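> Could you have a look at this structure, given as structure tokens, before my questions?
The values are calculated or read from the model by the stated rules, or taken from the named source; none is laboratory data. Owing to the predicted nature of the structure, the values given are computational and were not obtained by experimental measurement. As a convention, Cβ positions derive from the backbone with ideal geometry for all residues, glycine included, and neighbour counts pool all protein chains shown. With ligands, DNA and RNA removed, areas are computed over all heavy atoms of the protein, side chains included. Shrake-Rupley method; radii C 1.70, N 1.55, O 1.52, S 1.80 Å.
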Amino acid sequence: MKKIENNRAWFLVVPVFVLVAFSAIVPLMTVVNYSVQDIFDADTRVFVGSEWYREILRDDGLQQALLRQFVFSFAILLIEIPLGIAIALAMPRRGARASLTLVVLALPLLIPWNVVGTIWQIFGRADIGLGGVLVTRLGIDYNYAANPIDAWATVLVMDVWHWTSLVALLCFSGLRAIPDAYFQAARIDGASNWAVFRFVQLPKLKNVLLISVLLRFMDSFMIYSEPFVLTGGGPGNSTTFLSQSLARLAVGQFDLGPAAAFSLIYFLIILLFCWLFFTTMMQLGRGPRP
Amino acid sequence: MMNWMAWTLPTAIFFGAIALMLIGMTVWQLVSPSVERRGLLPMATTRGDRLFIGLLGGAFIHLAWMAATGLPLWWALGISVVLILAAMRWA
């Protein structure tokens, strides 16, 4: 039988391409166009070149927000990834207890961001909140609305509470996918628990960990609602992260030009880090080349 | 037409250049398919990877230039073009 070869299947991709063009490419190009102009209204625009970029790059407040953002994102990665792996390792593997654990772990993921912020706002209050009262009874002077360190601790714990489950669930699925033969072979060789983790489980978790790190990094780098509801970016500016600074600029002051320049710098940083994480983690598993 | 996406001539030229690069890379790939190879960077890259690295590096060179000096951006553009060519050849 003669096979008919043609490339008509590519036409099936056209709807996706059109969708992506209108939902991502056209808006992104428009943002680039905005970033080089001073926009007064729909018909009055003045070309200003790289002025907004220079202004944004030299803005002290934004530099500090960027620094805070990096500290925050790396801190939650350092906490959530090992904690997620540990929880996944400790989870029951089958039966009713496994299902129950999965449901309990999934609960925080179902709660909308601003509701999480509200929950923690009440939970952390030193006068009526369960967590706040407990910490105060322990003799610690705790007030997330007045003390920057307390505010940071609360935002970090809130994010860990909200998102460690995602890492744990991904790792759990990764662990369940390892065939039993690997563990049997390890047992025959007399491998210790640590050796099994280091040489069997961890390498097999590479792909789910890659996804976890990318998702958690991107998501935490764009965090907005939770600190906005919990602390409003305060006390002072101590928990104002990048997206909140951006929202202030774009929606609060309606400075579309600087906000567009800021968005593009923000986008480039996320792009760079995702590429770095992706390349490094893909490289790690390959081992030395023959 | 120019009003819809708030186009300006410089941004139109910029995106035109990117589009030309993508078309050029596609044609190049069809004429002689890229082979993954290892250069200065610690991983194997294809032609497309090297162009992406060059472009991303170029973007950050422009940002660093604007943050550090008040000199015209043409210098940064020149450095970026050299970097992209070097990345395509040796990375």
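> So, with +1 on the Cβ of K and R and -1 on the Cβ of D and E, and no other charges, what is the size of the charge dipole of the protein assembly as shown about its Cα centre, to the nearest 20 debye?
The calculation lands at about 1860 debye.
> Where does the protein assembly as shown land on Rg(C-alpha)/(2.2 N^0.38 Å)?
Dividing the Cα radius of gyration by 2.2 N^0.38 Å gives 1.19.
> Using +1 at the C-beta of Lys and Arg and -1 at the C-beta of Asp and Glu, which of A:Ile178, A:Ala247, A:Val20 has the Cα lying farthest in the positive direction of the dipole of the protein assembly as shown?
A:Ile178
> Between B:Ala86 and A:Ile211, what is the spin-label point distance in nm, taking each point 7 Å from the Cα along the Cα→C-beta axis?
3.9 nm
> Give a residue-ordered list of calculated ³J(HN,Hα) values for the range B:75-83 (Karplus: 6.51 cos²θ - 1.76 cosθ + 1.60, θ = phi - 60°; whole Hz; x for Gly, Pro).
Whole-Hz 3J(HN,Hα) from phi for the range B:75-83: 4, 4, 4, x, 4, 5, 4, 4, 4.
> Could you check which residue among A:Ser220, A:Ser192, A:Ser263 shows the biggest mean-square fluctuation in a GNM of chain A with a 10 Å Cα cutoff?
It is A:Ser192.
> Related question: Rounded to the nearest 0.05, what FRET efficiency do A:Thr136 and A:Val16 have when you use their Cβ-Cβ distance and R0 = 51 Å?
0.40
> What figure in square angstrom, to the nearest 10, would you give for the accessible area of B:Trp28 with a 1.4 Å probe?
110 Å²
> Can I ask one more? Given the options A:Phe241, A:Phe228, A:Phe183, which has the most mean-square fluctuation in a GNM of chain A, springs set between C-alpha atoms less than 10 angstrom apart?
So, out of A:Phe241, A:Phe228, A:Phe183, the one fluctuating most is A:Phe183.
> Quote the FRET efficiency, to the nearest 0.05, computed for A:Ala9 versus B:Glu36 with a Förster distance R0 of 30 Å and r equal to the Cβ-Cβ distance.
Here the calculated transfer efficiency is 0.70.
> With springs connecting C-alpha atoms under 10 Å apart, model chain A as a Gaussian network and identify which of A:Gly61, A:Gly139, A:Gly257 has the largest mean-square fluctuation.
A:Gly139
> HN-Hα J couplings of the range B:22-38 from phi, Karplus 6.51/-1.76/1.60, θ = phi - 60°, integer Hz, Gly and Pro as x?
5, 4, x, 5, 4, 4, 4, 4, 5, 6, 9, x, 6, 10, 5, 8, 10
> Taking only complete DSSP H runs, can you tell me which helices of chain A stretch 27 Å or more along their own long axis by Cα positions and average at least 0.5 on the Kyte-Doolittle scale?
Working: long enough: A:60-90 (45 Å, 1.47); A:148-176 (41 Å, 1.05); A:256-284 (41 Å, 1.93).
Span-like helices in chain A: A:60-90, A:148-176, A:256-284.
> Tell me, in nm to one decimal, what length is gained between A:Leu202 and A:Leu67 on full extension, where the rule is 0.36 nm per residue of separation less the Cα-Cα distance?
On the way: separation 135, 0.36 × 135 = 48.60 nm, distance 3.10 nm.
Contour length minus the Cα-Cα distance gives 45.5 nm.
> Consider a paramagnetic label point 7 Å from the Cα of B:Trp75 along Cα→Cβ; state which residues of the range A:26-52 have an amide N under 17 Å from it.
A:50-51
> Where does each of A:Ile188, A:Ile25 land when they are ordered by accessible area, with a 1.4 Å probe and the largest first?
The residues order as A:Ile188, A:Ile25, largest area first.
> Sticking with this structure for a sec: Would you calculate, for chain A, the mean residue ellipticity at 222 nm contributed by helices, counting each DSSP H stretch of 4 or more residues as -39,500 (n - 2.57) and dividing by all residues, to the nearest 500?
One gets -20000 deg cm²/dmol as the mean residue ellipticity at 222 nm.
> Compute for chain B: radius of gyration divided by Kirkwood radius, i.e. Rg/Rh, restricted to C-alpha atoms, rounded to two decimals.
1.04
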